[in-house]
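To keep things clear, I will list the structure first and then write my remarks on it.
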Amino acid sequence: MNATSPSPRKLRVATVSLAGCFGCHMSLLDIDERLFDLVERVEFDRSPLTDIKTVGAVEPCDIGLVEGGLCNAENVEVLRAFRARCTVLVAVGACAITGGLPALRNHLDVGDVMQSVYGRVPDDPELPLPLNRVLPIHEVVRIDHALPGCPPPADAFWQLLQDLMAGRTPVPAPGLIRYD
Ligand code: SF4
């Protein structure tokens, strides 16, 4: 590239943890020194890494990475905003793909669970309404890709991002597909 060539546009990436444990985000950070390469090529939008609160408020995002399933009405609202503002949406990790560990409560009554955990059913109007079942995100919005694992390994994140940044359909290498 010569001195007058414009720099290629950085892809805009948003990430969120819904009903997740942030373990998938920690695994993304485990790409370690490759983070320097990543920030040369992407701009982070809403993400725990930026503290931006509204996805795509400045401009639409190219890629949305969603960790966690849906356990309450706020999760649904945030997920719908991600779908509306991200061209490519990726379900990241077992919780986003299947509901994961939080979905273990699905065979119980949600009121009984609240009573057992908090000693009462919390009724503060500022609290988001819990869903009767914890849902995988594909039950509410269309997803474009899924990255399995609990969490997906850092190398799987890196491969996914490399593929998407290059405009390729991501196909995880067999050794990077995890179901644990
Ligand atoms: Fe945490 Fe595993 Fe769920 Fe990721 S898939 S949010 S690491 S429990």
So which trypsin sites (Lys or Arg not before Pro) in the range 81-166 end up in coil per DSSP with only 11 or fewer other C-beta atoms within 10 Å?
Arg120, Arg142
Histogram of C-alpha separations across the chain, 10 Å bin width, %:
10, 35, 33, 15, 6, 1, 0
Listed with the fewest Cβ neighbours within 10 Å leading, Glu33, Glu67 appear as Glu33, Glu67
Mind checking the range 40-82 for trypsin sites (Lys or Arg not before Pro) that DSSP puts in a loop (not H, G, I, E or B) and that have at most 16 other Cβ atoms within 10 Å?
Lys53
Note: Val39 to Asp155 extended length (0.36 nm per residue) minus current alpha-carbon separation gives 40.1 nm
Using amide H atoms built 1.01 Å from N in the peptide plane, name the residues 5+ places from Gly64, or on other chains, whose amide H lies under 5 Å from its own.
Ala14, Val88, Leu89, Val90
Could you line up Arg34, Arg9 from fewest to most neighbouring Cβ atoms inside 10 Å?
Arg9, Arg34
Using all alpha carbons of the range 1-78, what is the percent of pairwise distances in each 10 Å bin, ordered from the shortest bin to the longest?
17, 45, 27, 9, 3, 0
Förster-model FRET efficiency, 22 Å R0, Val140 and Met114, C-beta, rounded to 0.05
0.50
For the pair Asp163/Asn106, report the inter-label distance in nm, with labels modelled 7 Å from Cα in the Cβ direction.
2.5 nm
Taking other Cβ within 10 Å of each residue's Cβ, how do Thr98, Thr15, Thr50 sort, fewest first?
Thr50, Thr98, Thr15
In debye to the nearest 20, the charge dipole size for the chain, taken about the Cα centre with +1 at each Lys and Arg Cβ and -1 at each Asp and Glu Cβ, equals 440 debye
Normalising by the residue count of the chain, find the relative contact order in percent from Cα pairs under 8 Å and 6+ residues apart.
24 percent
Separation of alpha-carbon centers, the range 112-127 and the range 19-74, rounded to whole Å:
29 Å
Cα-based shape type of the range 36-136, given that a ≥ b ≥ c are square roots of the gyration tensor eigenvalues and the cut on a/c is 1.5
prolate
With the chain treated as a Gaussian network of Cα nodes joined by springs under 10 Å, which of Gly68, Gly23, Gly111 yields the largest mean-square fluctuation?
Gly111
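Readers should treat all values here as calculations from the given coordinates under stated rules, not as data from a laboratory. No experiment lies behind these values; they were computed from the predicted model shown. All Cβ positions, glycine included, derive from the backbone under ideal geometry; neighbour counts span all protein chains shown.
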